[in-house]
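Worksheet: the structure to be examined is printed underneath.
Here, each number is a calculation from the coordinates, and none is a lab measurement. Worth saying up front: this structure is predicted, and the values here are computed from it rather than measured. Ideal geometry is used to build each Cβ from the backbone, glycine not excepted, and the neighbour counts take in all protein chains shown.
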Amino acid sequence: MTKFYGVGTGPGASDLLTIRGKEVLQMVDCLYTPEPKKSGKSLALQIVSPYLRDDLTIKQRHFPMVNDWEEKRHAWDQIAEEIIADVKNGLNVAFITLGDPMVYSTYSYLLERMTAQIETETVPGISSFCQISNELQIPLVIDGESYAVLPATADEEILRVALENVSTVILMKVSIALPKILKLLTKLELLEQTVLVSDSSMASEKVMIGINELDEQDSLSYFSTMIVYKNRTLKGS
């Protein structure tokens, strides 16, 4: 029986793809990849390209990065219908997504449209914040500590409550809301406890330990993550 697979590529480096992810990609007949911009290059495809067969059918599909939910839903519906048709026509199909498929991923919206119609399997990937913590060798949590993962675009009050009450706070998509995040971290005196990593594990990776010198006008990569380590003394900060 044919199946649909969601595969997490990891944060950016090709060698961080899991063994299971590699096995799936080398087995499937058709691969769907996300395009943030029409005719743009898929970062997820670049990550997995060393492991793909020459005869693999690759379908790059555009996922609108907009605030219009109707436009997004229309794209999800169309792409899901196309994938379902491929699987029902006897193809094993995979969709690749950055990081882990269950963490802030468009894949989740595709999956909910498919599970009642075709067999599915999701293959986990290494999330950016886990990669960052391991690269810096700074534990996210130990003993009875807690951690929270939030989009920087969340309501400021939600962010403040997390920063005041949780041991370690991971802020995703910080490039979109940098002024708000910097003002909040400044107010809570947490700039020196914060790590900023852009393009984690990629050749273009940039690391800032302690963000006192960061300006709200600075331009950051879309793939930028902050980790606020409230219970750690950060080397270099």
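Details
- 3J(HN,Hα) couplings calculated from phi for the stretch 65-76 with the Karplus curve 6.51 cos²θ - 1.76 cosθ + 1.60 (θ = phi - 60°) are, in sequence order, 9, 9, 8, 7, 5, 5, 5, 5, 4, 4, 5, 4 Hz; Gly and Pro show x.
- Placing unit charges on the Cβ atoms only, positive for Lys and Arg and negative for Asp and Glu, gives the stretch 4-126 a dipole magnitude near 260 debye about its Cα centre.
- Structure-based [θ]222 nm, the chain - -39500 (n - 2.57) summed over DSSP H runs of at least 4, per residue, nearest 500: -8500 deg cm²/dmol
- Per principal axis, descending, Cα span of the chain in whole Å: 58, 37, 35
- The stretch 31-105: projected area of the alpha-carbon convex hull, averaged over directions, in nm²: 5.6
- With a simple spin-label model that places each label point 7 Å from the Cα along the Cα-to-Cβ direction, the separation between Gln26 and Val207 comes to 3.1 nm.
- Check: the stretch 153-211 dipole with +1 on Lys, Arg Cβ and -1 on Asp, Glu Cβ, in debye: 120
- log10 of Debye I(q)/I(0), alpha-carbon scatterers only, for the stretch 167-237 at 0.13 Å⁻¹: -0.32
- Which of Asp29, Asp54, Asp86, Asp155 has the fewest Cβ neighbours within 10 Å, and the rest in rising order: Asp54, Asp155, Asp29, Asp86
- Summary of the geometry: the stretch 1-66 and the stretch 166-227, compared by the centres of their Cα atoms, lie 28 Å apart.
- Of the trypsin sites (Lys or Arg not before Pro) found in the stretch 151-237, those in coil by DSSP whose Cβ has at most 12 other Cβ atoms within 10 Å are Lys235.
- Only one residue of Ser219, Leu171, Val141 has its Cα farthest out toward the positive end of the dipole of the chain, where Lys and Arg carry +1 and Asp and Glu -1 on Cβ, and that residue is Ser219.
- Count Lys and Arg as plus one, Asp and Glu as minus one, and take only other residues whose Cβ is under 14 Å from that of Ala85; the net charge is then -1.
- For Tyr32, residues with placed amide H under 5 Å, excluding near neighbours: Lys59, Ala94, Phe95, Ile96
- The DSSP beta bridges internal to the chain are antiparallel in roughly 40% of cases.
- Taking the convex hull of the alpha carbon positions in the stretch 125-187 and averaging its projected area over all directions gives 4.9 nm².
- Coil-residue chymotrypsin sites (Phe, Trp or Tyr not before Pro) of the stretch 204-237, DSSP, other Cβ within 10 Å capped at 15: Tyr222
- R0 of 22 Å, Cβ-Cβ distance Val66-Ser108: FRET efficiency to nearest 0.05: 0.80
- Amide H within-cut-off set for Thr122, under 5 Å, with H built and near neighbours excluded: Gly6
- Full extension of the chain between Asp155 and Met1 gives 51.0 nm of extra length, using 0.36 nm per residue less the Cα-Cα distance.
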